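Enquirer: One structure coming up, written as structure tokens, with questions to follow.
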Amino acid sequence: MPKPFIAFILVFLLLISALFAWNQNQKSLQVQQPIPLVEFSLPDLAGSVYPISHWQGKILVINFWATWCPPCLKEIPLFIELQTEYAQQNVQFIGIAIDDPLLVDDYLSFIDINYPILIAETGGAKLSQKLGNTVNAVPFTVIVNQQSQIIFRHPAELTKQKLRELIEPLLTP
């Protein structure tokens, strides 16, 4: 076989292996052992600062998003629907915008979101890393149980079905 062809095959296999590894890294990250949620505080658009402990004792679905991210914007209507569905069952969705506050304010003028939106601007990437976002993906979602322990992390878009599968077992009768 000609050497250029063998080199091409090796490069091709290396590329396929890298893509496979990247794809595996993008899949849901079920936390083997629940890990404590780190304490942090962020402002909303009005400037009121909320510590994450404000929602202590609730099941939290924390979603990092941005106005320039199409999958993020696609998830928001699902989160609105599920927040309404689970509001009386101790579940709280929280959006953390990794974005310019003016762009977030503009976006929120077009959609009625029924859960808190906190503003992290560019510092949100570091916060999401502290919560387990090893690939710096947006959207990035973390689910926290009532004991303030991270039980699930997911880089990329989530479906309504997957969210229900994760939330339902945490609900107390």
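Enquirer: For segment 27-173, compute the number of Lys pairs whose alpha carbons are separated by less than 21 Å, excluding pairs fewer than 8 positions apart on the same chain.
Expert: Taking the Cα cut-off of 21 Å, the pair count is 10.
Enquirer: May I ask for the Rg/Rh ratio of segment 44-126, computed from Cα atoms with Rh as the Kirkwood radius, given to two decimals?
Expert: 0.94
Enquirer: Another question, if that's okay. Before I look further, what does segment 35-110 give for accessible area per residue, probe 1.4 Å, in whole square angstrom? Could the numbers behind the result be given before it?
Expert: Numbers: 3650 Å² over 76 residues.
Per residue, segment 35-110 has an accessible area of 48 Å².
The values are calculated or read from the model by the stated rules, or taken from the named source; none is laboratory data. Nothing here was measured: the structure is a model prediction, and the numbers come from that model. Surface accessibility is based on the protein's heavy atoms, side chains included, excluding ligands, DNA and RNA. Shrake-Rupley method; radii C 1.70, N 1.55, O 1.52, S 1.80 Å.
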